[in-house]
Amino acid sequence: MDEMAVLVADGEMPLVDLDDELALAARTDPEAFGLLYHRHRRSVYRYLRSRTRSDEDAIDLTATTFERALVAMPRYRPRGGGVVAWLLRIARNAAIDAGRKTSVIPLDPDVVDRRPGASPEAVAITNEDRRALAQALAALPEPQREAVILRYAAGLTARQIGEVLGKTDVATQKLLGRALASMREHYRDDA
Amino acid sequence: MTMHDASGDARLTRTPLDAALNDLLAFEPRADLLSGLDERVRLAAATLGAASPAVRRQSPSPRRRTVLGLLAAAVVLAGAGGALGLYEGLGAGLDVGFGLQLDRSVAVGATEVHDGYRVTIDRAYLDAERLMLAIIATDELERPDVGQLMAMYAVVTDQDGEWQGAGGATGRPIGHWSAANVLWRLAPVAPLPAGSRRLHVVVPHIFVRDLTASPPVDENQEWSPFRQVDGPWTFDIELAVDGGAAVATPGVVHTIAGVPVTLRQVVIGPSAIRIEMEADDPSRATWTFVGWVRRGDQGFPIVWGSLGVDGIARMQADGGTNDASGDWSLVISEAIRQGSDDVEERIAGPWSFEFHVP
């Protein structure tokens, strides 16, 4: 991929640069596509798992997302949100297309608790707390819930979330702020 | 090259609620499902003509790097009838005014070496609104552990203050130890008056690809093959302002969804057009607009805009003209109104704001 031009958004962050460079290279270089896939498969999976009722459904949609990205890669243009926002937008569309847009976050606290290597925070939070949190999340209006999931499941910044949802940075920050404020009202935030 | 998960360190742990949400949503796929996913993507890539996306942890082999480097050098030499050949096509995807900027750019040749890395402002173009810098970065020591160079960031100041970053930057290797880069900056106060302008340009750092860096075993650990090389490389250059600019204050008003929207000002330069719109919205919603500027059969797309939080939406269209006289129109195809309730209302147009430049 050395001979290809690289594009960056105001020139500073190598990690972002690397993604855009990889995306450009991935048009012709399968190695570059593989690297992009491995860099972002977790974010895509976590987002989709939060919108589906089973691991299998989330895996199926994750595969669909990368299959679509493979086809669409020549049309990718570097933007502020970078490759990850682009992929999450594809993932969101895939979930909507599949009719798997859920109105309730399908969490099973017991399954979550069995994860190996759970953090101390995970141990400290009881199943009851988890249920309360999941319910508070599920009770949010759709745009707020989407923003929270993109933030905490996929690890996106406000700018990237805005690109996925088609909102401005300011609007996204407001959205997140209101969502978290609402959740604090319904969830004990003194753990 | 690496296989690392870009989401790894992005997860937030600032407050108990942050930590709880992080934890609640930290789904991990089962190993058997993950391996099936890898295989499905690999097959898809193979079916579509790409080879396996399986991870290769090694950097390209030295032989491959040499071949690619020589290939790139050959392409550059073959295409470089003049210095412009280094940049042709480079910024075309980012800025439709780039061709004009390149054609009218002047050779600068300001150069400085720091720790064996030479940074040269090779060419530059300045109009009443925007600066384009073409920068060459070279590793004069030809370090075997260094690959791709990037000099895509610069701080530009003048008597009016710091120039704004806009339009990003781009670059491409020229051989193994050198790269051609282009970046853009917007004047803090526009339009600039005719005449010349003294600019202070600082390239605080460049990035180089470290060919010896090994990816971490832990997928969650952040890693990049690029490392920062600090300068600074400092330049003082003087450029003539090309073409002047026409300023129109049309004051044309359309009512959109019950809100008067006024085209306040249009600044037309040789390679860019700046537009200011005001929405007199009593609800203090923010407005943004999608559309283009037209004169006859010429169209200039709006490529970016501010949020309009102060009631003023500022936008820029790429492309422009030296002779702005004539009848123009700003065609807004869609207005986007964002209320305080976060609800985004997309209002389909079009509305045409007609104005005349003498």
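Observations
- Residues of the range B:153-186 that turn out to be more than 10 Å from chain A (Cβ to nearest Cβ), assigned to a strand (DSSP E or B) and closer than 27 Å to B:Glu140 by Cα, as a count: 3
- Some residue of the range A:15-33 being among the aromatic types (Phe, Trp, Tyr), more than 26 Å from B:Leu133 (Cβ to Cβ) and at pLDDT below 90: yes
- Residues that are of a type outside the set (Asp, Glu) and under 14 Å from the mean Cα position of the chain (by Cα) within the range A:154-186 comprise A:Ala154, A:Gly155, A:Leu156, A:Thr157, A:Ala158, A:Arg159, A:Gln160, A:Ile161, A:Gly162, A:Val164, A:Leu165, listed in sequence order.
- Given (1) surrounded by 21 or more Cβ atoms within 10 Å (Cβ to Cβ); (2) without any contact (Cβ under 8 Å) to a residue 60 or more places away in the chain; (3) within 26 Å of A:Leu176 (Cβ to Cβ), number of the condition B:Met277 does not satisfy: (3)
The values are calculated or read from the model by the stated rules, or taken from the named source; none is laboratory data. Remember, predicted model here, so these are calculated numbers, not experimental data. Don't worry about glycine lacking a Cβ; one is built from the backbone with ideal geometry, like all the others, and counts go over all protein chains shown.
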